[in-house]
Every structure is written in structure tokens, then in C-alpha cells.
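Below is one structure, written out as C-alpha cells; the observations come after it.
The values are calculated or read from the model by the stated rules, or taken from the named source; none is laboratory data. Bear in mind that the values here come from a model prediction, so they are computed numbers and not experimental data. Positions of Cβ are backbone-derived with ideal geometry, glycine not excepted, and every protein chain shown enters the neighbour counts.
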């Protein structure tokens with residue numbers, strides 16, 4: 001299963017569409033399945049790369065579908081021209097993009113859509129295209145996305161920022177425009193999951209074996225039992241169903257091995273993973289891709305076992321306070337948190353940031369921090385909690401830092417300011433690069449966009465331009 005707080009694994013395709021970000025990252029690629037363009041025309045050309053009117057319409061609709069406000073056509077065309085120019089130069093400079101990379105990303109996006117629509121058949125029905133056809137539609141846009149990103153990285157590689165430049169950048173910001181930050185915390189934790197007694201584990205195994213017999217006898221459907229009895233909140237409401245791929249690394253390897261040993265319709269024996277005990281049903285499989293259902297049972301923990309875990313963490317806490325062990329070493333040796341090996345125990349926000357506001361913490365952690373009244377550098381006492389999977393554990397936290405609500409300043413927010421200053425410097429380098437390259441490209445922009453002031457840079461420096 002995925003090493004996450006729930007089993008629900010989805011590819012996040014949201015994100016800000018900017019020239020310095022993913023450029024037209026391909027989030028709009030699926031809109032072809034939901035739109036029919038009656039009439040189309042070429043609205044832009046860079047070298048031998050064309051941009052169609054339909055691409056702008058689809059990209060804008062997709063932004064709105066993701067919850068955004070959309071963008072004006074002039075800005076979208078500017079971004080698309082930018083991407084095409086980067087792709088053109090990437091091809092000239094032989095920026096490496098392998099077919100294996102492209103294929104892996106295509107597969108990832110297909111799995112995302114299958115998980116959204118419930119099955120491969122549903123995806124094909126809604127899109128009106130086979131999975132093979134959808135993959136082929138993805139191939140060229142993904143290739144161009146990777147080429148443009150690679151070219152951008154080549155242009156800005158080696159660009160650094162000095163403390164003097166950071167201060168100059170900060171001093172230029174009007175005081176009223178400085179960002180305001182709510183209280184933020186950096187928190188690390190060590191988690192211990194108590195081991196259930198053998199009797200309780202045996203009960204969970206017996207329950208799953210009984211579920212298996214009921215399904216195989218035809219008296220119950222697997223998805224019905226999963227909805228009623230599974231302890232996996234990520235799939236319970238979907239009848240225990242997931243779309244998986246053999247090459248995905250975030251799933252528990254024992255779970256994956258058991259799943260891919262099954263034939264269509266077959267149910268596995270009871271298996272044990274880091275999350276508990278499971279039975280798995282193979283719904284259908286196509287090569288390395290499969291749709292499966294599973295039922296998870298997490299053996300319940302008694303008070304005696306929880307007390308033993310508290311005592312273990314209390315002993316670790318004493319060692320930390322005494323300085324006989326470093327926190328990172330303690331995490332590596334003792335934490336049962338599946339994500340700890342990637343984060344060294346640090347709790348991350350969904351965007352990967354280590355800075356957390358109170359509303360980003362789970363309610364048990366908020367209560368722990370409130371009651372402990374920790375200062376930065378202090379460790380809480382071990383406290384029992386229940387994670388989002390319903391699994392009972394014990395944790396001890398280290399409050400790494402805590403800021404009060406404040407207006408941005410260099411003392412408290414240097415890293416954030418320096419990152420923005422670095423991005424501004426990279427933007428300037430990209431703009432300079434475009435100024436030197438645009439005159440060497442054939443540029444055509446349709447008359448429909450002749451009043452777009454932001455597009456003038458594409459034509460005024462291009463002697464071969466046409467409008």
C-alpha cells in the first residue's frame with residue numbers, strides 16, 4: 001500500500017500555470033475527451049511548431065474545471081509560444097528525453113484518470129477513445145513538456161543568489177506589499193505503533209478468511225464486504241478498489257507481490273503488510289496495470305500494549321534530553337512511521353513545505369502541542385493517538401520552530417525571500433535569452449491576437465514574422 005496517511009494514491013495535476021512553473025504542464029490534455037471543436041485554425045507558429053485555437057480553448061476550460069478562474073487568451077498564447085520556442089531550441093541542442101520517461105509519465109496519467117473514473121472501461125466510455133488512443137494523444141504534449149522543462153533548466157543552471165542580492169530584492173518591496181504570515185510551526189515526530197496480541201491478530205485473520213469464503217461461495221460480493229468492514233478509509237467507499245501499476249514504488253511490496261500473483265477474479269489468501277492484514281481480489285489486469293479490490297483489517301490494540309509503547313518512547317525521550325542520541329538517529333532506529341525515512345521525522349504540508357499552520361495539523365497534534373506548551377527545541381511526552389487510517393499509535397514530538405504572526409522580514413523569512421529573489425533572477429535570464437533567440441525564429445501570430453500587447457515582443461524582434 002502507499003506510504004501515506006491514507007491508502008488513496010492520486011496523481012496531483014493541479015498547479016499554477018506560469019512560464020517559470022510547468023508551462024502548460026499537460027493538465028489540459030484530457031479535455032480532448034470532453035470537447036468537440038467544430039472549426040479550428042492555426043493561431044501561432046514558432047519555427048515549425050504550430051499552436052491551434054482549440055488548444056487555447058481546451059487549456060482555459062481545463063483551468064476552470066480545476067477550480068481556477070481561467071486565463072485570458074493573450075496570456076495563454078504567450079505561454080504556448082514560450083513553450084514552443086523552448087522545445088524548438090531543446091531539439092536543436094539535443095536535450096535528452098527518453099521514450100522510457102515519456103512512457104512512464106503517460107502511464108502515470110492514465111492511472112490517475114482510471115482512479116478518477118473508477119475503471120478502465122469507464123474511462124474509455126467517457127472519453128470515447130481506447131486507452132491506447134488516449135496514450136497516443138498524450139505522447140507529443142508530454143514530450144514537448146519535458147523538452148521545454150529541460151531547456152529552461154539548461155538556461156538557468158548555475159544561476160545563484162548572493163545575500164547582497166537578496167537584501168537588494170527585499171529593499172525594493174514596498175513595505176505595504178510585504179507578505180503577512182500566520183503563526184507557523186516546524187514539527188518533527190517519532191511514532192510507535194503498538195503490536196496487537198496474537199489472539200487479536202488471529203481474530204482479524206479469521207474474519208478475512210470468512211470474507212474470502214463468502215465471496216467465493218457467491219453468498220456475498222467482495223465490494224459489499226469491503227464497504228462494510230474494511231479499515232482502509234482510502235478505498236472503503238469505493239468497495240475497496242484501487243488502480244495500481246507494478247512499477248509504482250509507493251505501494252507496500254508485499255501487497256504488490258500478492259496482487260500480481262492473482263488471475264482475474266481470484267482472491268488472495270490473507271497477507272500481512274505494514275498496515276495490517278488483507279485479502280485482495282484481482283478485478284482485471286493488463287500487463288503491469290491492474291484494478292484490484294482489497295479488505296484491510298487492523299488488529300485492535302489493548303491498553304496494556306499502548307502502555308508498553310508509551311514506556312518505550314519515554315525511554316527514547318530521556319536519551320534525547322540527555323543528548324546520548326540525536327533525533328535523526330532516534331527516528332531511524334525507532335519510528336514506525338512509513339514516511340519517516342523520507343522526512344527524518346519532519347511533518348510536511350501537502351505542498352512539501354516544512355512550515356505548518358495550525359489548520360494543517362491533525363486535531364490530536366493540535367491538542368498535544370497546546371497541552372504540552374512546548375518551546376522550540378523541546379520534546380513532548382509520549383501521547384497515544386489515532387491516525388487517519390484508524391490505526392492506534394503513540395507519538396512524541398519535537399517542536400523545531402514556532403513563529404508568531406508577522407510581516408515578512410529578512411531575519412525570520414530569509415529563505416523564502418531568497419527563493420523569490422532567485423526566481424526573479426532566473427526570469428531575467430530567461431527574458432534575456434528570449435530576446436537573443438526570437439530574432440532567429442520564424443514567428444506567426446494570427447490577426448485575432450494583434451491587439452495583445454504582451455505578444456508584441458514576439459513580432460517586433462522577428463524580421464520573418466507574419467501577422
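Descriptive notes on the structure:
- Options 97, 43, 38; residue that is assigned by TED's automatic domain parsing to the domain that holds residue 442, outside any helix (DSSP H, G or I) and at pLDDT below 55: 38
- Checklist (1) farther than 23 Å from residue 303 by Cβ; (2) modelled with pLDDT under 95 applied to residue 335, failing item: (1)
- Region 243-256, residues that are more than 17 Å from the chain's Cα centre (by Cα) and within 16 Å of residue 279 (Cα to Cα): 252, 253, 254, 255, 256
- Screening residue 370 against (1) in contact with a helix residue (DSSP H, G or I) (Cβ under 8 Å, 6 or more places away or on another chain); (2) more than 25 Å from residue 231 (Cα to Cα); (3) at pLDDT below 90 leaves a single unmet condition, (1).
- Residue count, region 118-130 (criterion: touching a residue at least 60 places away in the same chain (Cβ under 8 Å), assigned to a helix (DSSP H, G or I) and crowded, with 16+ Cβ neighbours inside 10 Å): 2
- Residues of region 103-117 satisfying the condition of being touching a helix residue (DSSP H, G or I) at 6+ places or on another chain (Cβ under 7 Å), surrounded by fewer than 20 Cβ atoms within 10 Å (Cβ to Cβ) and modelled with pLDDT under 80: 117
- Complete set of residues in region 394-412 that are in contact with a helix residue (DSSP H, G or I) (Cβ under 8 Å, 6 or more places away or on another chain) and at pLDDT below 90: 403
- Close pairs from region 156-181: first at positive phi and assigned to a helix (DSSP H, G or I), partner loosely packed, with under 10 Cβ neighbours inside 10 Å and at pLDDT 95 or above, Cβ under 6 Å, at least 6 apart: none
- Subset tally (residues that are within 24 Å of residue 234 (Cβ to Cβ) and touching a strand residue (DSSP E or B) at 6+ places or on another chain (Cβ under 9 Å)) for region 361-408: 14
- Tally, over region 215-263, of residues that are surrounded by fewer than 15 Cβ atoms within 10 Å (Cβ to Cβ), part of a helix (DSSP H, G or I) and touching a helix residue (DSSP H, G or I) at 6+ places or on another chain (Cβ under 8 Å): 1
- Failed condition for residue 224, given (1) within 29 Å of residue 123 (Cβ to Cβ); (2) in contact with a strand residue (DSSP E or B) (Cβ under 9 Å, 6 or more places away or on another chain): (2)
- Any hit, region 186-193, residues being outside the structural domain of residue 268 (by TED's automatic domain parsing) and in a helix (DSSP H, G or I): no
- Of the residues making up region 264-294, those that are assigned to a loop (DSSP other than H, G, I, E, B) and more than 30 Å from residue 191 (Cα to Cα) are 264, 265, 266, 268, 287, 288.
- Residue in region 80-91 that is modelled with pLDDT of 90 or more and surrounded by fewer than 19 Cβ atoms within 10 Å (Cβ to Cβ) present: yes
- Annotation note: Cβ proximity below 6 Å between a residue of region 38-49 that is surrounded by fewer than 16 Cβ atoms within 10 Å (Cβ to Cβ) and a residue that is outside any strand (DSSP E or B) and at pLDDT below 90 (sequence gap 6+ or interchain) occurs for 40/54.
- Filter result for residue 422 (outside any helix (DSSP H, G or I) and either at pLDDT 90 or above or surrounded by fewer than 18 Cβ atoms within 10 Å (Cβ to Cβ) (or both)): no
- Residue 205 vs. criteria under 25 Å from residue 387 (Cβ atoms), out of contact with any helix residue (DSSP H, G or I) (no Cβ under 8 Å at 6 or more places or on another chain), part of a helix (DSSP H, G or I) and at pLDDT below 95: no
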